[in-house]
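Values in this text are rule-based calculations from the coordinates and carry no lab data. Because the structure is a prediction, the values reported are computed rather than measured. Cβ sites come from the backbone with ideal geometry, for glycine too, and all protein chains shown count toward neighbours.
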Amino acid sequence: MYVLNTWYVAAWSTEVTRKPVRRVICEQPIVLFRTQDNQAIALADRCAHRAFPLSEGRTIGDSVECGYHGFTYGPDGICTKVPAQSSIPERAKVRKYPVVEQDGWIWVWTGDPELADPADVPDTHWMVDPEWATVTHSYNFKCRADLIHDNLLDLTHESFLHKTTVGDDYIYEHGITVEVEGNVVSVDRLMPSVEAPPLYAETMDARGLFDRFHCTEFFVPNLHVLHSGITGEGKPREDGYLIKVLNGITPIDAHNSWYYYAFSRNFAVNNEQATEDLRVGLATVLDEDASALEAQEIGMQTRPEGEFDVLIAQDGGVAKARRILSALLKKEQQAKSAAGPAVRREPVAPRTA
Ligand code: FES
Ligand SMILES: [Fe+2]
């Protein structure tokens, strides 16, 4: 089960070109391509004729041509050409998905298009702001999206899983403050008078003691924005070295997820060596997460029924986010049941012969 009435990151802007590309989101195959005037388009990646993936075809003008028998679909998903005949069957159309392109990401709305509001796409401007330097990665995680959410909401794992990069004992030694506003859960941790994290200390040229902080904002169910950094002891956070980590989490299916990652910093912005060192170091961090979560996914699949997570105080954000997620799922299920079955079957006509 997935929350569908939301915007999910479907690709980096640079990945969507005139050549169709396929993404599976919440088990829905989607083809992405650009029109001649550079608009990103998302259509169901399944030809109405015989279900061949349109992503295997090519763009012609603003349309995409199926690579099997040439049915051609406009950017609205309606078939405009059937090469083998002059008439176009009425049912020859594919679903069109609402799209927003913002700050280098292509977001796709997977639910009821009537409810899609571009204003609901969260702020991610740091990725393109010239006052910030950004390192990006994208991954296929072999785990359900829920495990990534839990991972990002409970950063005490950094102390153990990321010992050599971003972790140390300060993290689990300090408690959290959890807040909820609408569908956003914030988990804040302040670590006063401690050293800078090992991976960033050199880039920040930070020696001595600082107030360290991180606050994960989870825009349930699609994006985590981690506001992190160090500042002088007792000084305001905004005066310090700041980091914004954007984590676009997009379910592929029940056991696989897309992870779109951007790490923006407001220090050493023009230092290319720092950017390269961070790119390499952060890839190590993400590799560690990927293999831990894959192992955890196997653990989940082999866990006997009736055995549940043992949550502790540090899981306060996890618990709150799960509650919001299940409320969103319930709301969508109820709306679906109220609308009745998607396809009404006509009663079969009695045989007369
Ligand atoms: S399957 Fe696409 S044209 Fe036949
Ligand atoms: Fe991690």
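Not counting the cut sites, what is the longest span of the chain without GluC sites (Glu not before Pro) that DSSP labels loop and that have at most 10 other Cβ atoms within 10 Å?
Details: sites that count: 90, 131, 305, 307.
Longest site-free region, per DSSP loop and neighbour criteria: 132-304.
Write down the Å³ per residue value for the convex hull defined by the alpha carbon atoms of the chain.
Details: hull volume 63.5 nm³, N = 353.
Given the Cα convex hull of the chain, per-residue volume reads 180 Å³.
How much mean residue ellipticity at 222 nm does the chain get from its helices, if each DSSP H run of length 4 or more adds -39500 (n - 2.57) and you divide by all residues, to the nearest 500 deg cm²/dmol? Please report the intermediate quantities before stating the final value.
Working: 6 runs with 78 residues, N = 353.
Estimated from H runs of four or more residues: -7000 deg cm²/dmol.
Please compare each pair in 93/336; 81/331; 163/330; 19/336; 93/244 to a cut-off of 31 Å on the Cα-Cα distance and tell me which ones are over it. Don't skip to the end; give the middle numbers.
Details: 93/336 23 Å; 81/331 39 Å; 163/330 39 Å; 19/336 35 Å; 93/244 41 Å.
The answer is 81/331; 163/330; 19/336; 93/244.
Give a residue-ordered list of calculated ³J(HN,Hα) values for the range 250-260 (Karplus: 6.51 cos²θ - 1.76 cosθ + 1.60, θ = phi - 60°; whole Hz; x for Gly, Pro).
Using θ = phi - 60°, the values come out as 10, x, 8, 8, 5, 10, 8, 9, 8, 10, 9 Hz.
Working from Cα positions, state the angle (0 to 90°, nearest 10) between the long axis of helix 272-301 and the longest principal axis of the chain.
Compared with the principal axis, the helix lies near 70 degrees.
Using Cα centres only, tell me the gap between the range 1-52 and the range 178-228 in whole Å.
What the calculation gives is 33 Å, centre to centre.
Please arrange 47, 215 by how many other C-beta atoms lie within 10 Å of their C-beta, fewest to most. Could you put the intermediate results ahead of the total?
Numbers: 47 26, 215 18.
Going from sparsest to densest Cβ surroundings: 215, 47.
Please compute the modelled spin-label separation between residue 308 and residue 238, points set 7 Å along Cα→Cβ, answer in nm with one decimal.
The two pseudo-label positions are separated by 4.1 nm.
Determine ³J(HN,Hα), in whole Hz, for all residues of the range 89-103 in sequence, where each value follows from phi through the Karplus function 6.51 cos²θ - 1.76 cosθ + 1.60 and θ = phi - 60°; x replaces Gly and Pro.
Calculated HN-Hα couplings, in order: x, 4, 7, 7, 8, 10, 5, 9, 9, x, 10, 10, 10, 8, 6 Hz.
From the phi angles alone, apply the Karplus equation (6.51, -1.76, 1.60; θ = phi - 60°) to the range 23-33 and give each ³J(HN,Hα) in whole Hz, x where the residue is Gly or Pro.
9, 10, 10, 6, 6, 9, x, 10, 9, 10, 7
What ranking do 132, 126 get, fewest neighbouring Cβ atoms within 10 angstrom at the top? Please report the intermediate quantities before stating the final value.
Numbers: 132 19, 126 23.
Starting with the residue having the fewest Cβ neighbours, the order is 132, 126.
By how many degrees, 0 to 90 and rounded to 10, does the Cα axis of helix 316-339 deviate from the longest principal axis of the chain?
10 degrees
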